[in-house]
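The values are calculated or read from the model by the stated rules, or taken from the named source; none is laboratory data. On a predicted model such as this, the values are computed, not experimentally measured, just so you know. Backbone-built Cβ (ideal geometry, glycine too); neighbour counts: all protein chains shown. For the accessible areas, the whole protein counts, side chains as well, though only heavy atoms, and no ligand, DNA or RNA atoms are used. Shrake-Rupley method; radii C 1.70, N 1.55, O 1.52, S 1.80 Å.
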Amino acid sequence: MLLAVETSCDDSAAAFLDADGRVLAQEVFTQPPQMGGVVPEIASRLHMEVLPGMVSRVLVSAGASLEDVRYFAATAGPGLVGSLLVGLSFAKALAMALNRPFLGINHLAGHIHIHYSGAGEVRFPAVALLVSGGHTALFHMTGWSNCTLLGCTRDDAAGEAFDKTAKMMDLGYPGGKALDLLARTGNPGAVDLPSPLGATHSPEFSFSGLKTAVRLAWESGLYSPEDMAASFRARVCGILTKKLFFQARRFRAVSVLAAGGVTANSLLRESLAAGAARLGVDLLLPPMEHTTDNAVMVGRAALAELDHDPGACSPLSCNAFARWSGEELSRLCC
Ligand code: KG4
Ligand code: ZN
């Protein structure tokens with residue numbers, strides 16, 4: 001009943017969900033890396049080529065047609081504006097042609113709403129960690145419609161630090177997964193790495209100094225790739241975990257939510273599970289396929305908004321935006 005589209009970076013995604021947020025069909029196309037990264041214009045053009053066929057396939061595999069779609073949703077930002085405009089314009093055009101409501105969704109709220117399956121399923125208060133290629137942030141949530149930023153990264157995102165470290169070690173792009181695999185056979189205590197902004201009580205992060213320290217250690221030639229990867233991974237996961245659980249204790253959270261591409265990291269998943277068990281709180285981790293960008297999360301954020309306000313909709317003038325700043329994270333952008 002709801003068709004969602006996500007094109008904020010280099011993944012094109014579409015999902016068709018029922019009113020309870022169950023996935024009737026979905027698809028994600030991960031674009032091949034260009035020159036070791038993302039080239040915005042190439043990414044936008046690829047979204048343009050891929051999206052129409054993808055949406056048709058999603059509807060066919062759900063046994064539905066466009067007329068069955070009650071609501072259309074798309075990510076409006078933050079992200080690469082050229083990429084966002086493709087999915088946004090596509091979903092708005094369909095909504096306009098079929099005279100259905102359109103919802104422009106915040107990508108960060110989308111990541112967190114991968115855990116939404118109806119208003120009563122997650123217990124609050126909660127603390128959420130969003131950790132992806134573009135973002136690293138902590139939020140305090142007293143309900144699905146009350147999500148307040150506690151702190152975020154002052155420079156690189158954790159996923160970006162994984163990708164830059166992996167690139168330096170010739171592990172390809174995006175290299176977070178390859179680095180995670182390599183780290184499994186390394187010694188996490190081999191390289192002594194700093195913890196910038198590492199004070200447990202600070203909800204802010206900084207990863208660019210860590211990245212520089214890793215480069216210097218790597219260039220010294222003293223360490224094996226496995227030890228380098230294991231030490232870097234342990235440092236990043238340690239910082240994320242201790243800051244998250246400090247805030248969970250501070251707000252007497254009964255749930256901890258984690259979302260974003262870096263939650264695919266095997267050590268982070270283990271550390272979060274151990275931390276949640278120690279504190280006696282519920283832990284919500286996305287299934288592996290929904291850690292990185294997908295349209296299911298966008299669709300669930302739109303459904304949460306509709307559950308909150310059945311008349312919710314964005315104007316068709318809703319525009320793309322590159323950056324989000326503010327304290328209160330809303331699902332609806334316009
Ligand atoms: O959520 P996402 O698709 O991007 C943004 O919205 O920004 O996350 C992609 C990021 C990349 O930086 C990628 O290297 C990282 O998630 N990632 C990982 C792992 N799998 C993906 N990082 C660490 N360990 C992994 N296993
Ligand atoms: Zn994302």
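Note on ASP18 and GLU204: the extension gain reaches 63.3 nm, defined as 0.36 nm multiplied by sequence separation minus the Cα-Cα distance. Can you tell me the 0 to 90 degree angle between the C-alpha axis of helix 158-168 and the longest principal axis of the chain, rounded to 10? For helix 158-168, the angle is close to 60 degrees. For the stretch 143-155, 3J(HN,Hα) computed residue by residue from phi via the Karplus equation (6.51, -1.76, 1.60; θ = phi - 60°) reads x, 5, 9, 9, 10, 10, 5, 9, x, 9, 7, 8, 9 Hz, glycine and proline entered as x.
Rounding to the nearest 10 and keeping the result within 0 to 90°, find how far the Cα-based axis of helix 225-250 lies from the longest principal axis of the chain. The two axes meet at around 60 degrees.
Amide H to amide H, with H built 1.01 Å from N, SER314 comes under 5 Å of PHE102, LEU103, GLY104, counting only residues 5 or more places away or on other chains.
Converting phi to 3J(HN,Hα) with the Karplus coefficients 6.51, -1.76 and 1.60 and the offset θ = phi - 60°, the stretch 321-330 yields 9, 7, 10, 10, 9, x, 10, 8, 8, 9 Hz in sequence order, with x at every glycine or proline. Restricting attention to the stretch 1-91, close to 75% of DSSP beta bridges with both partner residues there are antiparallel.
Measure off, as a whole percent, the carbon and sulfur share of the 1.4 Å-probe accessible area of the chain, all protein chains present. Spell out each step's value before the answer.
Details: 7330 of 13610 Å².
Ligands and nucleic acids excluded, carbon and sulfur give 54 percent.
Probe of 1.4 angstrom, ligands and nucleic acids ignored: what's the accessible area per residue over the chain, in square angstrom?
Numbers: 13610 Å² over 334 residues.
The answer is 41 Å² per residue.
Cβ-Cβ distance of ARG154 and MET288, R₀ of 30 Å, FRET efficiency by 1/(1 + (r/R0)^6): the value works out to about 0.55. Placing dummy labels 7 Å off each Cα toward the beta-carbon, the span from ARG184 to PHE124 is 3.9 nm. Within the stretch 22-180, antiparallel bridges make up roughly 70 percent of the DSSP beta bridges whose residues both belong there.
Within the listed set GLY133, GLY221, GLY198, the Gaussian network model of the chain (springs between alpha-carbon atoms below 10 Å) gives the highest mean-square fluctuation for GLY221.
Checking a compactness column here: for the chain, what do you get for Rg(Cα) / (2.2 N^0.38 Å), N being the number of residues?
On the way: Rg = 19.7 Å, N = 334, 2.2 N^0.38 = 20.0 Å.
Ratio of Cα Rg to 2.2 N^0.38 Å: 0.98.
With only alpha-carbon pairs counted, each pair once and no self-pairs, how large is the Kirkwood hydrodynamic radius of the stretch 37-133 in angstroms? It works out to 15.4 Å.
Straight-distance candidates among the lysines for linking to LYS177, with alpha-carbon spacing under 16 Å and chain neighbours fewer than 8 residues away dropped: LYS164, LYS167. Label-to-label distance for ALA273 and ALA64 is 3.3 nm, based on points extended 7 Å past Cα in the beta-carbon direction.
Give, in whole angstrom and from largest to smallest, the semi-axes √(5λ) of the equivalent ellipsoid of the stretch 123-289, with λ running over the eigenvalues of the Cα gyration tensor. Walk me through the numbers on the way to the answer.
On the way: eigenvalues 154, 45, 39 Å².
For the stretch 123-289, the semi-axes come out at 28, 15, 14 Å.
Rounded to whole numbers, the Karplus 3J(HN,Hα) couplings from phi for the stretch 32-44 are x, x, 10, 6, x, x, 10, 9, x, 5, 5, 4, 4 Hz, using 6.51 cos²θ - 1.76 cosθ + 1.60 with θ = phi - 60°, and x at Gly and Pro.
Among DSSP beta bridges whose residues both lie in the chain, state the antiparallel percentage, nearest 5.
Numbers: 27 of 45 bridges.
For the chain, the DSSP antiparallel bridge percentage is about 60.
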